[in-house]
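Take a look at the structure below.
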Amino acid sequence: MRDSPFQPGAARAATPEFTRAEVALANRNSGALLELLDCDITPTGTHYLLNHFDVPVLRAQDHVLEFDGAFDAPYTLSMAEIMAQPQVTLPVTLECAGNGRAGMEPRPLSMPWMYEAVGTSDWTGTPLAPLLERAKPRGSVQDFAFFGVDFGYDKGIPHHYGRSLTPAEVAGLDALLVWGMNGAPLLPQHGAPLRLIVPGWYGMASVKWLGRITALETRFDGFQQAETYRFRTHKDDEGRPVTQIHVRSLIKPPGVPDWFSRMRRVQAGPVALSGRAWSGGGVPIAKVEVLLDGAWQQAQLAPPQGRYAWTRWQIDWQATPGQHEIACRATDAAGNTQPLTAPYNLGGFANNAPHRVTVEVVD
């Protein structure tokens, strides 16, 4: 049993758990507020952020998207021309590939996400595929590389943030070029004036501040594609790419928190628990189980709000005095269930082990 932080004079651990650089990253990049998991759409100001380099401040009226490389009809589009294309608004849950990294042992040194690097927004834009077809990609094209305007260094390598999709991936994904978020123009930190959204994939694929799409007759070997966002077990492992989101769920923390530890306190008696569950590739959630008093119990699922958006779950708990650990785990329609311990990888990616919350129940 953990010491209770709710007792007068409760001590705090003095040993720092994170490096100064990790704390600085956490100050730049913010997670969602789990108490807002009741919201079908994450309020824009609380949607998670992960920006690798400095946020560019771009004027929509000056911004141009360039299609270059192995296209037979390369061209450019202004924002006005992009926004004149057929418009789609799609609710999509985005999750950072590093969500849960702080829970892996040993902990990889990077943005120290716990559980909060996720959010769901209504994204407004136009389908990507028709604009690629208009540029007439050659039959030899192996990759489409998407480059942001943001620029910086990682492991000594200077580069614009860039990711790629193969022609087959583009054909199988509902990717959008997006200019709007929750009924308003994109904010600078979310990629204004234009970004890519790749529904069902981890957020690293949804390139922000999109300025160029290059058709390549070889596989893209940019830093963010080849050197990171890969599942590697050792430094010489070529690994495999991070792509679709792994099945996952979260609990809306019940009761009230201790300010420092975030442990929860609730009154004994009936407690309504709820949360959200999601999976990648448009695969729906089949069930959510909640660990209550040492046993996994099945929760009720609300109707899904979209193919690529999370699903709400709820369950009632008869809380008895004492300390309890509650947890949740989801299973999707393809039969994938959250593992009790996620496999380790060097980057700390896709840790979808169950969300666990310690609750102190009092009379």
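FYI, it's all coordinate maths here, none of it is from the lab. Since this is a predicted model, take the numbers as computed values, not measurements. Here Cβ is always computed from backbone atoms with ideal geometry, including for glycine, and neighbour counts include all displayed protein chains.
Couple of notes before you dig in:
- Neighbourhood charge, 12 Å Cβ-Cβ cut-off, centred on ALA175 and excluding it, Lys, Arg +1 and Asp, Glu -1: 0
- Residues ILE197, ILE41 arranged by fewest to most Cβ contacts within 10 Å: ILE41, ILE197
- The 3J(HN,Hα) values that the Karplus relation (6.51, -1.76, 1.60; θ = phi - 60°) gives for the range 98-104 are, in residue order, x, 4, x, 4, 5, x, 8 Hz. Gly and Pro appear as x.
- Taking all Cα pairs closer than 8 Å and separated by 6 or more residues, the relative contact order of the chain comes to 18 percent.
- Residue with peak Gaussian network fluctuation, the chain [Cα springs, cutoff 10 Å], from ARG240, ARG195, ARG276: ARG240
- Here's the picture: charge each Lys and Arg Cβ at +1 and each Asp and Glu Cβ at -1 in the chain, and of HIS47, PRO257, LEU131 the one pushed furthest to the positive end of that dipole is PRO257.
- HN-Hα J in Hz across the range 140-149 - Karplus 6.51, -1.76, 1.60, θ = phi - 60°, x for Gly and Pro: 7, 5, 9, 8, 10, 9, 10, 10, x, 6
- Amide H contacts under 5 Å for ASP150: TYR161, restricted to partners 5 or more places along the chain or on a different chain, H placed in the peptide plane at 1.01 Å from N.
- Considering only Cα atoms, the convex hull volume of the range 166-321 works out to 198 Å³ per residue.
- Pairwise Cα distances in the range 5-113 exceed 16 Å for 77 percent of all pairs.
- Size of electric dipole in the range 70-125: Cβ of Lys, Arg +1 and of Asp, Glu -1, about Cα centre, debye, nearest 20: 200
- Orientation-averaged projected area, Cα convex hull of the range 108-187 (nm²): 8.1
- The chain: translational diffusion in µm²/s, Stokes-Einstein, Kirkwood Rh over Cα pairs, 25 °C, 0.890 mPa s: 113
- Note on the chain: dipole from Cβ charges, positive end direction compared against VAL357, THR337, LEU165; the farthest Cα belongs to VAL357.
- C-alpha center-to-center spacing [the range 151-197, the range 230-265] in angstrom: 22
- Taking PRO321, PRO253, PRO137 in turn, the Gaussian network model of the chain (Cα-Cα springs below 10 Å) assigns the largest fluctuation to PRO321.
- For the range 241-326, convex hull of alpha carbons as volume per residue, Å³: 126
- When the chain is treated as a GNM with alpha-carbon contacts under 10 Å, the residue of GLY335, GLY348, GLY119 showing the greatest mean-square fluctuation is GLY335.
- Overall dimensions of the range 49-158 by Cα: Rg and Dmax, Å: 17.9, 50
- Packing-based exposure ordering (other Cβ within 10 Å, fewest first) of HIS234, HIS52, HIS246: HIS234, HIS52, HIS246
- For ALA353, nonlocal amide neighbours, meaning residues 5 or more places apart or on other chains whose placed amide H falls under 5 Å from its own, are ALA342.
- Taking other C-beta atoms within 10 Å as the exposure proxy, TYR75, TYR48 rank TYR75, TYR48 from fewest upward.
- Local net charge near GLN267, Cβ-Cβ under 15 Å (Lys/Arg +1, Asp/Glu -1): -1
- A Cβ-based charge dipole, computed about the Cα centre of the chain with Lys and Arg at +1 and Asp and Glu at -1, lands at about 200 debye.
- Shape index of the range 104-253: Rg/Rh, with Rg the Cα radius of gyration and Rh the Kirkwood radius from the inverse mean 1/r over Cα pairs, equals 0.96.
- Under 5 Å between amide hydrogens, built in the peptide plane, is the criterion, and for LEU186 it picks out GLY180, MET181 among residues at least 5 positions away or on other chains.
- From helices alone, the chain scores -2000 deg cm²/dmol at 222 nm; the rule is -39500 (n - 2.57) for each run of n ≥ 4 DSSP H residues, then divide by the residue total.
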